[in-house]
Amino acid sequence: MRNSLVATTLALALVAFLPEGTVVSTTQAAPVTAAVSANRFGLPDFGDLVEQVGPAVVNISVVQEQKFGNDDNPFANDPFYDFLRRFGVPMPNMPGQPGGAPRISRGIGSGFIVSADGYVLTNAHVVDEDGAEVTVRLIDKREFKAKVVGIDKRTDVAVLKIEARNLPVVTIGDPDRARVGEWVVAMGSPFGFDNTVTAGIISAKARRLPDENYVPFIQTDVAINPGNSGGPLFNLGGEVVGINSQIYSRSGGFMGISFAIPIDVAMKVKDQLVAHGRVQRGRLGIAIQGVDKELAQSFGLSDARGALIASVDPGSAADKAGLQAGDVVLGVDGIRVADSADLPRIIGEKRPGTKVKLDVWRDGRNREVSAVLDELNPDLSANTRQDGSESTTGKLGLKARPLTSQEAAQVGVPGGLVIEGVTGPAARAGLSRGDVILAINNQQVNTVEQFRQYLNRAGKRFALLIQRGDARIFVPVRME
């Protein structure tokens, strides 16, 4: 009321300064301004888009009966419990004891249909359970038991198959055409709430995450929470441009940053999983590092770019091609290597046996080097060195890789694992980056797979023999 009175008073005051005969309207000016403001800055309506694409988005539930060993018994390390058990005192059956009731684990996720005959894309971490029962539920409440066609942990992509025909499918978009700042929409089942829609913008592209060498993530501010994993990220044209995969969070919930796998990366993986059941990737067999401004100047490069070769694995594709430590890889088959993280992805997208031409900077000038790629071992951990060799992270909180022959000779050991990162129990035990693991519980280790097998049998407490500088010491580790 007061605002209207002020506006009317101001309008009447202006009349006194206008030429005689001028007509003034005080009822149309405000709506015209508001209409222009709404047209320029109003939010889009996603209703039509959701109706169009919603039927092809699915809910995924995973049920598995967990098997337990003695380490899973919560009382197994209790001295009083052990005392009673040794003297034959009857104890109630529980997980970890013969006759104990099995525990059922349940998981939820999202996915989307990419072919009318029942192929579904989701995240590998949604369905990565041996012997799990996977169910796909459509928006019309139909449910199907799904077969896991294949998973690829390195890109976190999985392909499911349900027995159905004439299913609604998504339209695949082009992530390269997506622009930072444009609107995108996510659909999925956060916390099990089916067919939930959230919207936001693309915050960044080609984002590199720690231990992720094969995916140039799309970063968004779309609200993503547990259960959204594997769901589609749509542009305003209703095309899928990514698979929602990860969030950055200190609390476990959404904090404004989420990451999606570009759909072109996922579709290449899907095609190989459907055709072969696994993904074949090329491998050079080199350890690399980034090139900063100081390194660029020392090597005579005009700008900081490329991947600097730190070491070459004997007998590898790189070794056979004559690559050397100190070479800087600037390009592969005409594709520019702007950052060291680009090289593993470019090489990994090529099939083993492919001949590639490398643009290499050596001794102050460019050279062209040809190499025939080896195959990256598909059975190793998803976390890899940037050259494609193995590393491991897990419940121990340890990231390590095998020593190269040059490193082993320099340290003076036949083999072992060099630590590249520590968190959790490994950090609490005092392990450090650069330590070399020689043995676990007096069992010598040379490969990540070997270490993983010994670790699984080691229980909650064990000792690592490590080389630190010129000294060898045993480090006790507790997993509690």
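Tabulated data for the structure shown
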item: Boolean, Asp45 is at pLDDT below 55 and either exposed (fewer than 14 other Cβ atoms within 10 Å of the Cβ) or part of a helix (DSSP H, G or I) (or both); result: no
item: Residue within the range 158-166 that is in contact with a Pro (Cβ under 6 Å, 6 or more places away or on another chain), farther than 15 Å from Gly107 by Cβ and surrounded by fewer than 18 Cβ atoms within 10 Å (Cβ to Cβ) present; result: no
item: Selection status of Val148, without any contact (Cβ under 8 Å) to a residue 24 or more places away in the chain and among the hydrophobic types (A, V, I, L, M, F, W, C); result: yes
item: Single residue of Arg154, Arg137 found to be surrounded by 19 or more Cβ atoms within 10 Å (Cβ to Cβ) and either touching a residue at least 40 places away in the same chain (Cβ under 8 Å) or of a type in the set (A, V, I, L, M, F, W, C) (or both); result: Arg154
item: Among (1) in contact with a helix residue (DSSP H, G or I) (Cβ under 7 Å, 6 or more places away or on another chain); (2) assigned by the TED database to the domain that holds Gly364 - the single one Lys293 does not satisfy; result: (1)
item: Among the residues listed as Phe193, Phe144, Phe234, the single one being out of contact with any Asp or Glu (no Cβ under 9 Å at 6 or more places or on another chain) and open to solvent by less than 50 Å² (accessible area, probe 1.4 Å); result: Phe234
item: Answer from Lys161, Lys145 - the residue that is charged (D, E, K, R) and touching a Lys or Arg at 6+ places or on another chain (Cβ under 6 Å); result: Lys161
item: Near pairs, Cβ below 8 angstrom, 6+ apart or cross-chain, from the range 305-330 (basic (Lys, Arg)) to any residue that is open to solvent by 10 Å² or more (accessible area, probe 1.4 Å); result: Arg305/Val291; Arg305/Arg336; Arg305/Ala338; Arg305/Asp339; Lys320/Val372
item: Candidate set from the range 320-339 (those that are of a type in the set (A, V, I, L, M, F, W, C) and under 29 Å from the mean Cα position of the chain (by Cα)); member that is modelled with the lowest pLDDT; result: Ala338
item: Listing of strands (runs of 3 or more DSSP E) fully contained in the range 240-319 that carry 2 or more residues being open to solvent by less than 50 Å² (accessible area, probe 1.4 Å), at pLDDT 90 or above and under 30 Å from Pro190 (Cβ atoms); result: 258-262
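The values are calculated or read from the model by the stated rules, or taken from the named source; none is laboratory data. Since the structure is predicted, the reported quantities are computational estimates derived from the model, not experimental observations. Backbone-built Cβ (ideal geometry, glycine too); neighbour counts: all protein chains shown. We work out accessible area using only protein heavy atoms, side chains counted, and drop any ligands, DNA or RNA first. Shrake-Rupley method; radii C 1.70, N 1.55, O 1.52, S 1.80 Å.
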